[in-house]
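The values are calculated or read from the model by the stated rules, or taken from the named source; none is laboratory data. Here the structure is a predicted model, which means the values were calculated and not measured. Cβ placement follows ideal geometry from the backbone for every residue including glycine, while neighbour counts extend to all protein chains displayed. Remember, those area values only see protein heavy atoms, side chains included, never the ligands or the DNA or RNA. Shrake-Rupley method; radii C 1.70, N 1.55, O 1.52, S 1.80 Å.
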Amino acid sequence: MIRSEIDPVTGVDSHAHVFHRGQTLAAERRYSPDYDAPLNRYLAHLDEVGLSHGILVQPSFLGTDNSLLLDCLAQAPRRLRGVVVVEPEVSTDALAALICQGICGVRLNLMGQPLPDLAAPPWRPFLQRLAEHGLHLELHRHAGDLPALLGPALETGVTVVVDHFGRPDPDLGDRDPAIMELCRWADRGGALWFKLSAPYRNAPKDSPSALIRQHAQATAECLLAAFGPDHFVWGSDWPHTQHERQTSFLQEYDAMPHWLPAGYRQRMLVDNPARLFGLGDPRR
C-alpha cells in the first residue's frame, strides 16, 4: 500500500518528473514523451526503497503549465515538494501562492537555449524575488556555461542548485576544465548546491553502466573534495527521459554506493535535502 503522508524524513529523492500523454506540450521543446509517468507509480518506487519524500521537478516539455505538478503535491502534501517553471515576470503574490502549495524552488532549464544575462532585467529582479521568498533557483546547463550564470545569480542572495553533476562534457567527465572551474566556486559561501543525479546524461551515448559509474564517481569525488558533503543531494531523475530503456529507478538507487563515498549516505539522502527543501518546516 502506498503511503500518502509521511512526516519523518528517512530519505529523499531530490529529482523526479510526473507527466501524462495528452498534456499540452511546450511549443519549443527538445523531447516529446509517448508514455505516462504517473504519481502513483513514482510513490511506489519511493516505497520500494524506503524513501519518505520526493521532489517533483517540472519537465521542460511542459513549459510553465505546472498544473499537474501542483495537483500531485496536493495529493501528498506532507510527502512531496515541487520545483516549478515560471516566467521571470512572475509576481510576488504568485510566488507566495506557489509556496503555499508546496513549491520550494524554480527551475531554469537552459539546455539548448540562448544564454541569458542574469544580471539584467527581467532576470535580476526575478532572482531577488526568489531570494526574498526563500525559493532556490535550479540551473540546468552544461558546465562550461555555468560560471557566467552563477556569478549574477549568487549576487542576488538566491540559493542555486546545479542539476545533474553540473553536466560536464561527456567525453571528459571530471577532466572537463569547466568542472575544475566550478570547484573554485567553493569559497563563495553555502548558497551553491549540486544534485548528484542522472549520471547517464554525462557519459557518451550508449555507454556501458561501468563507464557511467566511473564518470559519476570521478566527478562526484572532484566536487565533494571542493565543496564538502553538505552541499549535495541525490536524485533518481525518474522516469529518466530519453534514457528510459537504459536504466530504472531501482538501478539508479542501487548504483549510488558505487560513486558516493562511504559515510555520506545520511547527509545526501536525509540531512541535506531536509535543509535545502524545508522538509519538516511547518511553514512549508
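If the requirement is being more than 16 Å from residue 88 (Cβ to Cβ), assigned to a helix (DSSP H, G or I) and out of contact with any Phe, Trp or Tyr (no Cβ under 6 Å at 6 or more places or on another chain), which of these qualifies: 130, 146? Going through 130, 146 in turn, the sole match is 146. Within the option set 154, 139, being in contact with a strand residue (DSSP E or B) (Cβ under 9 Å, 6 or more places away or on another chain), within 25 Å of residue 60 (Cβ to Cβ), of a type outside the set (Lys, Arg) and not in a strand (DSSP E or B) holds for one residue only, 154. In a residue-by-residue description of region 65-73, the property of being open to solvent by 10 Å² or more (accessible area, probe 1.4 Å) and of a type in the set (A, V, I, L, M, F, W, C) applies to at least one position.
Residue 212 meets each of the listed conditions (1) among the aliphatic types (A, V, I, L, M); (2) open to solvent by 10 Å² or more (accessible area, probe 1.4 Å); (3) within 19 Å of residue 31 (Cβ to Cβ) apart from (3). Selection over region 232-250 of residues that are open to solvent by 30 Å² or more (accessible area, probe 1.4 Å), touching a residue at least 40 places away in the same chain (Cβ under 8 Å) and at negative phi gives a count of 4. Which residue pairs have Cβ atoms under 6 Å apart, sit 6 or more places apart or on different chains, and have a first residue in region 201-212 that is within 12 Å of residue 171 (Cα to Cα) and a second that is in a loop (DSSP other than H, G, I, E, B)? Listed pairs, sorted by first residue: 202/168; 202/170; 203/170; 204/170; 211/203; 212/203. Where residues in region 69-94 are basic (Lys, Arg) and over 30 Å from residue 124 (Cβ atoms), which of them is nearest to the chain's Cα centre (by Cα)? Looking at residues that are basic (Lys, Arg) and over 30 Å from residue 124 (Cβ atoms), I get 79. Scanning region 100-147 for residues that are out of contact with any helix residue (DSSP H, G or I) (no Cβ under 7 Å at 6 or more places or on another chain), of a type in the set (A, V, I, L, M, F, W, C) and loosely packed, with under 15 Cβ neighbours inside 10 Å turns up 100, 111, 120. For residue 201, indicate whether it is open to solvent by 20 Å² or more (accessible area, probe 1.4 Å), closer than 20 Å to residue 153 by Cβ and in a helix (DSSP H, G or I). No.
Screening residue 42 with (1) of a type in the set (Ser, Thr, Tyr); (2) surrounded by fewer than 21 Cβ atoms within 10 Å (Cβ to Cβ); (3) in contact (Cβ under 8 Å) with a residue 40 or more places away in the chain gives one miss only, at (2).
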